[in-house]
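Presented below is the structure to which this report refers.
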Amino acid sequence: MFHSPIVPRVRKRSRTAEVCIPGREEVKFEDVRLFLVERKMGRSRRSFLTQLARSKGFIVEDVLSDVVTHVVSEDIHTSSLWTWLKECDLKNLTHMLVLDISWFTDSMREGRPVAVETKHLIQDSAPTLPEASTPTAVASVSQYACQRRTTTENNNKTFTDAFEVLAERYELNEIEGPCLAFRRAASVLKSLPWAVKSLGATQDLPCLGEHTKSVMEEILQNGRSFEVERILSDERFQTLKLFTSVFGVGPKTADKWYRRGLRSFSDVLADSSIQLNRMQQSGFLHYGDISRAVSKAEARALRNIIDEAVHAITPDAVLALTGGFRRGKEFGHDVDFIVTTPEPGDEETLIPKVINRLTKQGILLYTEYQASTFDMSKLPCHRFEAMDHFAKCFLILRLEGSQVEGGLHIAEGDSRGWRAVRVDLVSPPMDRYAFALLGWTGSRQFERDLRRYARMERRLLLDNHALYDKTKKEFLAATTEKDIFAHLGLEYIEPWQRNA
Ligand code: UTP
Ligand code: MG
């Protein structure tokens, strides 16, 4: 049980403006609105938990309405809970997180809303099935991005840009469920070879819930979404976006700085109590350059530089351009490469040697090297980790204009003749090459859905290292991406069709 005091304490108001609801505790988490289901919990326990949550800065709604984001229940009878929820006449139910009490207890313990994980979700065991009259249209667009072909041509940019803002708002608040829901919805619209002109046209599409549809309806009617405009003009959102645009600054640091009352780069740089790490220092130093998109021609020039370096070290080295540029994007935020060698073990020393060479050439402005922690005996990994275990480095390189066909992608009037560019190198062992290439080619949404499809539809575990068959309890070998698609029983999707 909880060890925190139940009696609300009156905290001193911090420097950052926090919303205060009269007669209640200070609100710390404005984007989270809880509702505790009384069924099974009972009135007195509900009242106790409500007070506890409020004392920790959570908003707890007394009434279940569309403003609620998180529904918490102790009812283990999933179907009766969902039947009741569906009878509550909510427009927003598909976007509410219906959560087990364990999410609540974890959040109370941490003193903040913890990230929602699958184990916390109370799933609807009888989801509403699509109308029987529309099977062909439903079947034609898969709910999985890895069964759709998505080029860089986006016919629904107005909608997907709006969804991206909504997803970012949740991401910055570390609320995973709705963030993914908006990313999934955007991904479905990006795959369409036609532009959505009416809401009716979306009725057979997967992954579009009430909230996404209401945003689309607003855009169709008014050309804009007021919710998105509110977010974009929100000071906290703007500041967190600004801070996280710096290399090495994540949502947690950005939020910490915001809470200290900092609002601009000069505020951060003038605050003597802030110790920037090496990555952040470089992020500020080269901010103008690395916040500027990298062009395809610049990516090609960098490929030549890396190609020359790895082949000078090992003539039989293998180099592949990956990430967004492999998917045919015209611009990217960085340039991603895979480098490896046919001789097992040699790949582990390859990156340090490349770094050494680039240093001698005087073009290395920043380097963060991570040695390999890859160990086949520790696989399969049942929880997906954002970072894989291969040796890798995050670099900032100095790129000369003379090396770029058509010149640098820099501001007009910038006469330096060079720019800084972010480059990532990853170095898997050769027998892991296909998995690493598939994982690093992206897009992130495509990768997410490949893993989800493997797990849900095939009982297979996929990550950047391997593919594991949970039924047969064995690893499946692959030397090319096509082998992996074949193991998954998926049609092969070309890299340029993976812009999900
Ligand atoms: P990027 O963040 O570089 O994205 O990651 P991108 O698609 O190239 O787009 P830009 O750079 O913003 O234009 C490339 C891919 O590498 C994977 C990511 O999931 C993404 O799909 N990646 C990145 C990993 O698998 N592991 C990592 O540690 C980092
Ligand atoms: Mg990239």
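Charged side chains reduced to their Cβ positions (Lys and Arg at +1, Asp and Glu at -1) give the range 349-423 a dipole of some 260 debye around its Cα centre. For the range 37-51 and the range 295-348, what is the centre-to-centre distance using only Cα atoms, to the nearest Å? A separation of 57 Å, based on Cα centres.
Calculated FRET efficiency, LYS353 to VAL27, Cβ-Cβ distance, R0 = 51 Å: about 0.40 to the nearest 0.05.
With only Cα atoms counted, the chain has Rg and Dmax values of 24.8, 73 Å.
Note that the range 179-311 shows a convex hull volume over its alpha carbon atoms of 186 Å³ per residue.
Dipole magnitude of the chain about its Cα centre, charges +1 at Lys/Arg Cβ and -1 at Asp/Glu Cβ only, in debye to the nearest 20? Write down the numbers at each step before the final one.
On the way: 69 positive and 69 negative charges, 233 e Å.
Result for the chain is approximately 1120 debye, rounded to the nearest 20.
Principal-axis analysis of the Cα atoms of the chain puts helix 444-458 at an angle of about 70° to the longest axis. Its relative contact order, with pairs defined as Cα atoms under 8 Å and 6+ residues apart, puts the chain at 12 percent. For a modelled paramagnetic label at GLU457, 7 Å from Cα along Cα-to-Cβ, the residues of the range 194-235 in reach, with backbone nitrogen under 15 Å, are 206-207.
Starting from the Cα of LYS472, move 7 Å in the Cα-to-Cβ direction to define the label point; list residues of the range 481-499 whose amide nitrogen is under 11 Å from there. 487-488, by backbone N distance to the label point.
Highest mean packing first, where packing is the average number of other Cβ atoms within 10 Å per residue, the peptides 290-297, 420-427 line up as 420-427, 290-297. Think of the chain as having a plus end and a minus end, set by charges on the Cβ of Lys, Arg, Asp and Glu; of GLN497, LEU93, ALA145, LEU93 sits farthest toward the positive end of this dipole.
If you model the range 372-474 as an ellipsoid using its alpha carbon gyration tensor, with each semi-axis the square root of five times an eigenvalue, the axes come out at 38, 15, 10 Å, biggest first.
Under the simplified labelling scheme, the GLN281-LEU199 pair shows an inter-label distance of 5.5 nm, with each label point 7 Å from Cα along Cα→Cβ. Centroid-to-centroid, using Cα positions, the range 389-452 and the range 178-211 are 30 Å apart.
Taking the accessible area of the chain, probe 1.4 Å, and keeping the other protein chains in place, the carbon and sulfur fraction comes to 51%. Spacing of the modelled spin labels on LYS360 and ASP234, each 7 Å from Cα toward Cβ, amounts to 5.2 nm. Accessible surface calculations at 1.4 Å, restricted to protein heavy atoms, place the chain at 50 Å² per residue. For the Cα atoms of the chain, what angle does the longest principal axis make with the long axis of helix 78-87, in degrees from 0 to 90, nearest 10? Orientation of helix 78-87: about 70 degrees from the principal axis. Farthest towards the positive end of the charge dipole of the chain, among the residues ILE484, HIS382, LEU358, is the Cα of HIS382, using unit charges on the Cβ of Lys, Arg, Asp and Glu.
When each of the peptides 161-173, 464-476, 200-212 is scored by how many other beta carbons lie within 10 Å of its residues on average, the order from highest to lowest is 161-173, 200-212, 464-476. The helix-only estimate of mean residue ellipticity at 222 nm for the chain, built from DSSP H runs of length n ≥ 4 each weighted as -39500 (n - 2.57), is -11500 deg cm²/dmol after division by the residue total.
In order along the range 94-111, phi translates into HN-Hα couplings of 5, 9, 7, 8, 9, 10, 6, 4, 4, 5, 5, 5, 4, 5, 5, 4, 7, x Hz, rounded to whole numbers, per the Karplus curve 6.51 cos²θ - 1.76 cosθ + 1.60 with θ = phi - 60° and x for Gly and Pro. Extension gain, PHE226 to TYR492: 0.36 nm times the residue separation minus the Cα-Cα distance gives 91.7 nm.
Candidates GLY406, VAL421, TYR453 compared by Cα position along the dipole of the range 374-464: farthest toward the positive end lies TYR453, with charges placed on Cβ.
What dipole magnitude, in Debye to the nearest 20, does the range 177-222 give about its Cα centre under +1 on Lys/Arg Cβ and -1 on Asp/Glu Cβ?
Values: 5 positive and 4 negative charges, 42 e Å.
Once rounded to the nearest 20, the dipole reads 200 debye.
Charge tally for ASP289 (other residues, Cβ to Cβ under 14 Å; Lys, Arg +1; Asp, Glu -1): +1.
Between GLU217 and ASP307, the modelled labels are 5.4 nm apart [label points 7 Å from Cα along Cα→Cβ].
Just so you know, the Cα atoms of the range 299-392 work out to an Rg and Dmax of 14.5, 42 Å.
The values are calculated or read from the model by the stated rules, or taken from the named source; none is laboratory data. If you're wondering where the values come from, they're calculated on a predicted model, not measured in any experiment. All Cβ positions, glycine included, derive from the backbone under ideal geometry; neighbour counts span all protein chains shown. The accessibility values were calculated without ligands, DNA or RNA, using every heavy atom of the protein model including side chains. Shrake-Rupley method; radii C 1.70, N 1.55, O 1.52, S 1.80 Å.
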